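Report on one structure; see the data block that follows.
The values are calculated or read from the model by the stated rules, or taken from the named source; none is laboratory data. All values reported here derive from a predicted model rather than from experimental measurement. Methodologically, a virtual Cβ is constructed for each residue, glycine included, from the backbone with ideal geometry; neighbour enumeration extends over all protein chains shown. To get the accessible areas, we keep the full protein, side chains included, count just its heavy atoms, and leave off ligands, DNA and RNA. Shrake-Rupley method; radii C 1.70, N 1.55, O 1.52, S 1.80 Å.
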Amino acid sequence: MITIAGAGLAGLACAYELAQRGAAVTLYERGDTPGGSSVARYAGGMLAPWCERESAEEKVITLGSRAVDWWEKVTTVHRRGTLVVAPSRDRAELTRFARRTSNHRAVAGAAIAELEPALAGRFAQGLLFEQEAHLDPRRALRDLVDKVQALGVEIRCGGPAPARVALDCTGMAAPLPGLRPVRGEMAILHCPQVEIRRTLRLLHPRMPLYLVPRDEGLFMIGATMIESSSDRPVTLRSLAELLNAAYTLHPGLGEASVVETGAGLRPAFADNLPRLTEQDGTLYLNGLYRHGFLLAPAMAQQAADRLLPETSDEDHRECQTA
């Protein structure tokens, strides 16, 4: 029996990997429902390793390149790529982004209009990352819960985990040195009159924005990364900047209804890369930072390799350990 503390994104992904390899798994979750209190609920759901390379290490591409295939076995994934654009005055930002990333192609105004008709005439240049994708984080968490339960994983909610577990995936609650919170804020807009099919990134030197389409005319917008341990609601300044950036992306979003705002604390280490750490007989998976859905599959595979070495796959061994 393998016991796991924390039934958020990381814990559920590890339970899925372990159960697929034949292990008996019990998940413990302090909250009332698995995934219900996870910071991953506020994620964008972008499976975008090449875009993330703009501000992250090469390891993010190495670990994240298989995420799309992994998630397609669990939930609906939209393989429509990522379109990166910038206003004409910020064209230097697009040049910088292109220089720091790879696996993209330049697209001009006509191609942008063909990809996203709603953006026709708005942007003269952009970058298309065709191999990237996105998913709905909350649906993905629900589907992952269903998958692990179908594999026989027992999930015990509403109470503490045992004093010692095999694997700890409790995020900021974990007693790990060097772990810090990075606050992220988001909003969900309802704007059925604007049709956008793929993830958009708007480059701006002060407030870069990403917009991720959901079903039924919903869009998630975000981009804030604040070194703060405050879990208070979204600040007025952050929300105003996000909404102004969204309006720059498409004026039609000015008529959107703001149906939800939220803020969460992402656990991160100094290098912003996840780690597997063994401490006092427990293996800890932590530090997913802003790359939860992108990096959780690879890190879960590597945690399963550590806990069930007889089932390990050499292709999954690259990870950062401490």
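Structural remarks
- Only one residue of Ala298, Pro192, Ser312 has its Cα farthest out toward the positive end of the dipole of the chain, where Lys and Arg carry +1 and Asp and Glu -1 on Cβ, and that residue is Pro192.
- Both the radius of gyration and Dmax for the stretch 9-110 are 17.9, 57 Å, in that order, over alpha-carbon atoms.
- Projected-area mean, the chain, by convex hull of Cα positions, square nanometres: 15.6 nm²
- Nearest-ten-degree value, helix 137-150 long axis tilted from longest Cα axis of the chain: 30 degrees
- In loop segments of the stretch 109-197 as defined by DSSP, the trypsin sites (Lys or Arg not before Pro) with at most 11 further C-beta atoms inside 10 Å of their C-beta are Arg164.
- Across all Cα pairs in the stretch 161-219, the calculated P(r) in 5 Å bins from zero up to the longest distance comes to 4, 12, 16, 14, 10, 11, 12, 10, 8, 3, 0 percent per bin.
- Over the chain, accessible surface divided per residue gives 43 Å², non-protein components excluded, 1.4 Å probe.
- The alpha carbon centroids of the stretch 230-280 and the stretch 146-205 are separated by 13 Å.
- Look at the Cα gyration tensor of the stretch 108-262: its axes a ≥ b ≥ c give a/c of at least 1.5 with a/b over b/c, and that counts as prolate.
- The share of Cα pairs per 5 Å bin across the stretch 53-149, counted from zero up to the longest distance, runs 2, 12, 18, 19, 16, 14, 11, 5, 2, 1, 0 percent.
- Annotation for the stretch 88-138 versus the stretch 1-51: alpha-carbon center distance of 32 Å.
- Loop-resident GluC sites (Glu not before Pro) (DSSP state other than H, G, I, E or B) in the stretch 181-276 with no more than 11 further Cβ atoms inside 10 Å of their Cβ: Glu216, Glu227.
- Nearest 10 degrees, 0 to 90: helix 236-249 Cα axis against the chain principal axis: 50 degrees
- Remark: the chain carries a charge dipole of roughly 680 debye about the Cα centre, counting +1 on each Lys and Arg Cβ and -1 on each Asp and Glu Cβ.
- Accessible surface of the chain [probe 1.4 Å, protein heavy atoms]: carbon and sulfur percent: 46 percent
- Rounded accessible area of Val182 (nearest 10 Å², 1.4 Å probe): 0 Å²
- When the stretch 179-252 is reduced to its Cα atoms, the Kirkwood hydrodynamic radius in Å: 13.0 Å
- Where only alpha carbons of the stretch 193-322 are counted, the Rg and the Dmax (Å): 18.9, 56
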